[in-house]
Amino acid sequence: MEILSSSDQNVQRAAAALADGLLVAFPTETVYGLGADAFNVHALAKVFEAKNRPHFDPLIIHIAEHDALSRIADTASLDRAAGERLSILSRQLWPGPLTLILPKRPQIPALATSGLATVAVRFPSHPVAQKLIRLSTGAIAAPSANPFGYLSPTRAEHVKAQLGQKVDFILDGGRAAVGVESTVLDISHGQPRLLRPGGTPRETIEALIGPVEFSFAQAVNEAPLSPGQLESHYAPRTPLVLCRRGELASLPAAATEGRLYFSPSTNHSEAAGHGTRVLSQTGNLAEAAANLFDMLHELDSLGLRVIRAEEAPLSGLGVAINDRLRRAAGHTTPAL
């Protein structure tokens with residue numbers, strides 16, 4: 001495993017490694033991804049092995065050109081309404097933290113889609129990710145660069161600490177700006193369905209295409225259509241307990257517990273210390289989302305008995321923050 005700076009020469013080196021079937025962790029605006037050539041079955045198998053990821057959980061294919069979508073998704077099979085939604089969303093929200101579920105093209109290996117007839121596609125906005133994708137085959141399959149079920153990485157050092165020698169190269173592009181994974185929207189047929197809240201708030205999507213259904217939790221025995229639908233996910237190794245807004249500050253603090261507040265509270269100043277973090281000093285949802293995994297990684301490294309976390313407001317990026325916290329605590333996010 002080698003950590004590389006994001007110089008042009010190193011990005012070219014990483015792209016060549018992808019072409020050779022190796023694994024490259026790379027920065028996106030959401031979290032770091034564990035990338036493999038989307039058309040190479042053997043490389044895809046390495047991703048599942050490195051993460052200890054079950055094969056029923058599909059990967060997201062990352063592109064860096066709008067024209068590349070036709071190689072990944074069978075957009076011609078969409079009905080008129082779905083085609084219009086795709087046009088609007090890809091034009092307005094790509095590049096960005098939005099993943100779209102679409103009918104797949106046959107050249108995408110079944111391993112990347114967990115045997116589904118659909119494929120998850122995203123166009124990241126991070127310049128290093130875009131450069132890497134363009135210099136490779138134009139399509140990189142990449143889940144988050146962490147062991148399956150654990151905290152997502154927002155820094156190169158998180159990837160190194162969690163995956164180590166299981167990844168060949170790590171491109172260091174600095175801290176991820178958004179800090180939570182992409183929103184996943186299924187527009188493959190019928191009414192659009194929000195499968196995972198993320199970096200693009202549902203309000204932004206609905207302002208463009210109208211109401212969407214919410215399907216954050218999968219049915220029993222149903223294969224997930226998207227990453228992040230399992231009940232327990234995004235979890236630190238330290239047990240996490242989720243508290244309602246205002247509840248955490250009223251609980252007596254213990255030296256062996258960590259606390260993660262959404263915003264400052266006059267009631268918790270006396271408890272603030274080594275094991276206390278505040279997601280946003282101003283109550284800003286974008287700042288809180290960017291800090292979420294970073295602060296959870298910090299708390300998880302302190303050898304605490306438990307981490308108690310406070311919910312965020314249930315609007316905008318707060319929906320994604322609460323989804324990650326609920327799954328980290330082992331609770332499925334309820335439909336909204």
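Within the stretch 276-322, being in contact with a Cys (Cβ under 9 Å, 6 or more places away or on another chain) and of a type in the set (A, V, I, L, M) holds for one residue alone: Ala309. Residues that are modelled with pLDDT under 95, over 21 Å from Arg196 (Cβ atoms) and either over 12 Å from the mean Cα position of the chain (by Cα) or open to solvent by 10 Å² or more (accessible area, probe 1.4 Å) (or both) do not occur anywhere in the stretch 148-161.
Looking only at the stretch 79-114, which residues are free of Cβ contacts under 8 Å to residues at least 12 places away in the same chain and closer than 14 Å to Ile60 by Cα? Across the stretch 79-114, the qualifying residue is only Ala110.
Scanning the stretch 190-213 for residues that are touching a residue at least 60 places away in the same chain (Cβ under 8 Å), within 25 Å of Glu287 (Cβ to Cβ), buried (at least 16 other Cβ atoms within 10 Å of the Cβ) and of a type outside the set (Val, Ile, Thr) turns up Arg196, Pro197, Gly198, Gly199, Pro201, Arg202.
Out of curiosity, is Ser114 open to solvent by 50 Å² or more (accessible area, probe 1.4 Å), out of contact with any helix residue (DSSP H, G or I) (no Cβ under 7 Å at 6 or more places or on another chain) and of a type in the set (Ser, Thr, Tyr)? No; evaluated as a whole, the condition is false for this residue. Whether any residue in the stretch 234-250 is modelled with pLDDT under 95, among the hydrophobic types (A, V, I, L, M, F, W, C), surrounded by fewer than 23 Cβ atoms within 10 Å (Cβ to Cβ) and not in a strand (DSSP E or B) is what I want to check. Within the stretch 234-250, one or more residues are modelled with pLDDT under 95, among the hydrophobic types (A, V, I, L, M, F, W, C), surrounded by fewer than 23 Cβ atoms within 10 Å (Cβ to Cβ) and not in a strand (DSSP E or B). Here the stretch 166-198 is the region considered, the condition is being outside any strand (DSSP E or B) and of a type in the set (Lys, Arg), and the residue that is nearest to the chain's Cα centre (by Cα) is Arg175.
Among the residues examined, Gln107 does not qualify as part of a loop (DSSP other than H, G, I, E, B) and in contact with a strand residue (DSSP E or B) (Cβ under 6 Å, 6 or more places away or on another chain).
Among the residues of the stretch 1-28, just one is open to solvent by 10 Å² or more (accessible area, probe 1.4 Å) and within 23 Å of Ser182 (Cα to Cα), namely Ser6.
Tell me which residues, restricted to the stretch 3-46, are in contact with a strand residue (DSSP E or B) (Cβ under 8 Å, 6 or more places away or on another chain) and among the hydroxyl-bearing types (Ser, Thr, Tyr). The answer is Ser5, Ser6, Thr28, Tyr32. In the set Leu98, Leu135, Leu111, Leu102, only one residue is at pLDDT 95 or above and under 18 Å from Leu44 (Cβ atoms); that residue is Leu111.
For the stretch 278-311, a residue qualifies if it is of a type in the set (A, V, I, L, M), in contact (Cβ under 8 Å) with a residue 60 or more places away in the chain and crowded, with 20+ Cβ neighbours inside 10 Å, and the qualifying residues are Ala289, Ala290, Leu292, Leu296, Leu299, Leu304, Ile307, Ala309. Restricting to the stretch 80-104, and then to whatever is among the β-branched types (Val, Ile, Thr) and outside any helix (DSSP H, G or I), can you tell me which residue is surrounded by the fewest Cβ atoms within 10 Å (Cβ to Cβ)? Here the residue is Ile101. In summary, Gln107 fulfils each of the numbered conditions (1) out of contact with any Pro (no Cβ under 9 Å at 6 or more places or on another chain); (2) under 28 Å from Ser6 (Cα atoms) with the single exception of condition (2).
The values are calculated or read from the model by the stated rules, or taken from the named source; none is laboratory data. Since this is a predicted model, take the numbers as computed values, not measurements. Methodologically, a virtual Cβ is constructed for each residue, glycine included, from the backbone with ideal geometry; neighbour enumeration extends over all protein chains shown. Ligands, DNA and RNA are stripped out before the accessible areas are found, and what is left, the full protein with its side chains, is counted by its heavy atoms. Shrake-Rupley method; radii C 1.70, N 1.55, O 1.52, S 1.80 Å.
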